[in-house]
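A.B. asks: Would you mind keeping the following structure in view while I ask a few things?
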Amino acid sequence: MKKNHNIVSTDRALKEIAFDMNILLVEDDLILQEQLKIFLTRFFGRVDTADHGQEALDKYEKKQYDLIITDLTMPFMDGIALAEQIKLRNESQQIIVLSAYSENDTLIKLINIGVDGFLLKPVDVKLVIKQLSKTCQALYDHKMLEYFNLILEEITQELKDSNIELENVLNGLMKSRASIKESDIALRELSDDQKMMLYTRSERIDATEFHSVHPFERDRRKDESLEDVIFK
């Protein structure tokens, strides 16, 4: 019962991470190809098929695939040659090899090419799910890492832009402060007559401002009439 629970759990987990992935199945046994395609469609978003290596390579040139599952012994181009050609085009491409035998020399050659997994014929469903889960989890983790790196780059760029904007604002404030300070120093150095000239302008000013610049003698002599001040 526990083993069945583990299989169901693995099956569900594989569906969750592989539902939007595309797969290319390369198998010259058309009956087995159809059976595998029906099985794989349970997990993957799209499953394309090819009858031999050359057909697979032609399709690979036109479309992108997250995973390739290929047989070894096929006409026109076998699985080893196909794996070599694909890895030349995309070193990070995930490839799982199907094989009816496990010769050490062949396996070593495939490992050196960079194949990511092996499945023996006749196909064991449990082993297929286990291998697919391992491979697809690696693919999913890689995609998530790329996604988070992209988000991090965007946030970093936004921070850089904000820092530049803030620096420009601070520089503007510093310039304004320096300008005010220079104006204040220049104003202090003016003579009284020069200060008075600053207020000689065409526009109207209110009485309070005018009084601060042109105080009446009357303010200092409260007992005098306005006529006395004017005609004195």
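No value in this document is a laboratory result; all are computed from the given coordinates. Treat the numbers as computed from the prediction; the structure is a model and nothing was measured. Using ideal geometry, Cβ is built from the backbone for each residue, glycine included, and neighbour counts are taken over all protein chains shown.
A.B. asks: Among rounded, prolate and oblate, which fits segment 92-182 when a ≥ b ≥ c are the square roots of the eigenvalues of its C-alpha gyration tensor, a/c under 1.5 means rounded, and a/b larger than b/c means prolate?
C.D. replies: Working: a/c = 11.71, a/b = 4.54, b/c = 2.58.
Taking the square roots of the gyration eigenvalues as a ≥ b ≥ c, segment 92-182 is prolate.
A.B. asks: Just want the ordering: M144, M74, from fewest to most Cβ atoms lying within 10 Å of their own Cβ. It would help to have the intermediate numbers written out before the result.
C.D. replies: Working: M144 11, M74 22.
Placing the least packed residue first, the sequence is M144, M74.
A.B. asks: Moving to a separate point now. Near L98, within a Cβ-to-Cβ distance under 11 Å, what is the net charge of the other residues, with Lys and Arg +1 and Asp and Glu -1? List each step's numbers first, then the result.
C.D. replies: Values: positive: K121; negative: E27, D28, D29, D71.
With Lys, Arg at +1 and Asp, Glu at -1, the neighbours total -3.
A.B. asks: Here is a follow-up. Mind ordering 154-166, 60-72 by average Cβ neighbours within 10 Å, highest first?
C.D. replies: 60-72, 154-166
A.B. asks: Here is a further query. Bin width 10 Å, origin at 0, all Cα-Cα pairs of segment 133-187: what percent of pairs per bin?
C.D. replies: Whole-percent P(r) values from 0 Å outward: 21, 21, 16, 15, 12, 8, 5, 2.
A.B. asks: Hey, rough spin-label estimate for L170 and L120, points 7 angstrom out along Cα→Cβ, what's it come to in nanometres?
C.D. replies: Result for the modelled spin labels: 6.7 nm.
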